[in-house]
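Down below is the structure, laid out as structure tokens.
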Amino acid sequence: VPIHRLAEANSKLSAGSSAAEFLGFAAAGWLVEAFTGPTAVLIDSLSFIVSALFLARIKLAAESHLKVDGESDVSGSIWAGFPVIAASGQLRALALASALVGLSGGVVGALIVAYMARGIGFGPGVLGSIWSVGGLMSIIGAMAAWPAIKRFGYRWALAGGLLFSGLGTLAVAAAKGKSPSSAALLILNQVVTDPAHTVYNVADDSLRQTLLPDAVRGRATAAFHTLELLAGVVGAALSGFLGDAVGLRGALVVGLVPTFAAAVVIAASPIGRKGAGDSDLATAP
């Protein structure tokens, strides 16, 4: 994909996955209630086999196998990406934001379903239907991502996506008890958070791909994912302690702090500022 069409292409990929998310969530809760959890998991596992078969059919053009200093194995490939990230102010900001998002996701992801099911009391069928709204809204976010990037630039598309993603998740913490108002707040979360986070993801992927040279794009992407996943592990480990200390609702609120911090990091970064120098696209207004 040409560099100037990366964001558009990522938006279309995200729209496809969001459509699948919508259908999956819509079916998941009712599958659990109709066939029990293990059977639903078995059905889900079959979808991975179908995905693998599709991936196996992809025909790739000749790929670059350029060696990078310090690269000798998988870990060497990952570590080879870190100097590339460290050399760019824009990439450093994206990496720090990714780590903060991973930390927040580790805490919130470990607690949010427990809070919805136990703290609020909704069953899997109702929750699946509510989450399917998020899949639908993610499709809208995917379609809006490229226009948002063109209108506001990468920096504000990223920062705004993170800000509204965090604000939307606060609606979950505001819900209390099995009531129509709680259901409305959970739906509000899906309406605000999912499209906002989709815009962030599309902008993040596209800007990263734009800034990284071809020869090290895979290595640096591995470094990004390593940072985010390690932070997620830390967040998941902290979630239990936070839940015990301040309760599920309080832990959700605390867990969102890194997301808001990531928005501040992006807003204060050189991304999209004239003179940043990493990429013409990245410094577009």
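The values are calculated or read from the model by the stated rules, or taken from the named source; none is laboratory data. None of the values given here were measured: they were computed from a predicted structure. We place every Cβ from the backbone using ideal geometry, glycine too, and count neighbours over all the protein chains shown. These accessible areas exclude ligands, DNA and RNA; they are computed on the full protein's heavy atoms, side chains included. Shrake-Rupley method; radii C 1.70, N 1.55, O 1.52, S 1.80 Å.
For residue 56, the criteria (1) open to solvent by less than 50 Å² (accessible area, probe 1.4 Å); (2) modelled with pLDDT of 90 or more; (3) among the aliphatic types (A, V, I, L, M) hold in every case but one, which is (1). In segment 207-223 there is no residue that is part of a helix (DSSP H, G or I) and within 13 Å of the chain's Cα centre (by Cα).
Residues that are closer than 29 Å to residue 124 by Cα and of a type outside the set (A, V, I, L, M): does segment 200-217 have at least one? Walk me through it before giving the result.
Of segment 200-217, the ones closer than 29 Å to residue 124 by Cα are 200-201.
Now restrict to residues that are of a type outside the set (A, V, I, L, M): 200-201.
Yes: one or more hits.
Scanning segment 138-147 for residues that are surrounded by fewer than 24 Cβ atoms within 10 Å (Cβ to Cβ) and more than 12 Å from residue 206 (Cα to Cα) yields 139, 140, 143, 144, 147.
Quick one: which of 180, 124 is open to solvent by 20 Å² or more (accessible area, probe 1.4 Å) and in contact with an Asp or Glu (Cβ under 7 Å, 6 or more places away or on another chain)?
124
On the basis of being assigned to a helix (DSSP H, G or I) and without any contact (Cβ under 8 Å) to a residue 40 or more places away in the chain, does residue 168 make the cut? Spelling it out, residue 168 is indeed assigned to a helix (DSSP H, G or I) and without any contact (Cβ under 8 Å) to a residue 40 or more places away in the chain. Each residue in segment 1-20 was checked for being within 20 Å of residue 43 (Cα to Cα) and surrounded by 20 or more Cβ atoms within 10 Å (Cβ to Cβ), and 1 pass.
Is it the case that residue 237 is over 21 Å from residue 124 (Cβ atoms), in a helix (DSSP H, G or I) and over 14 Å from the mean Cα position of the chain (by Cα)? Steps first, please.
On the way: over 21 Å from residue 124 (Cβ atoms): yes; in a helix (DSSP H, G or I): yes; over 14 Å from the mean Cα position of the chain (by Cα): yes.
Yes.
Across segment 204-228, what is the total count of residues that are among the basic types (Lys, Arg) and at pLDDT below 90? Step through it out loud before you land on a result.
Filtering segment 204-228 for residues among the basic types (Lys, Arg) gives 208, 217, 219.
Checking the rest, the ones that are also at pLDDT below 90 come to 217, 219.
Residues meeting the conditions: 2.
May I ask you to verify whether residue 121 is in contact (Cβ under 8 Å) with a residue 24 or more places away in the chain and on the phi > 0 side of the Ramachandran plot? So residue 121 fits the description; yes.
Against the numbered list (1) surrounded by 12 or more Cβ atoms within 10 Å (Cβ to Cβ); (2) within 24 Å of residue 187 (Cβ to Cβ), residue 34 comes up short only at (1). Considering only segment 130-165, state which residues are among the β-branched types (Val, Ile, Thr), in contact (Cβ under 8 Å) with a residue 60 or more places away in the chain and over 16 Å from residue 112 (Cβ atoms). Within segment 130-165, 139, 149 qualify.
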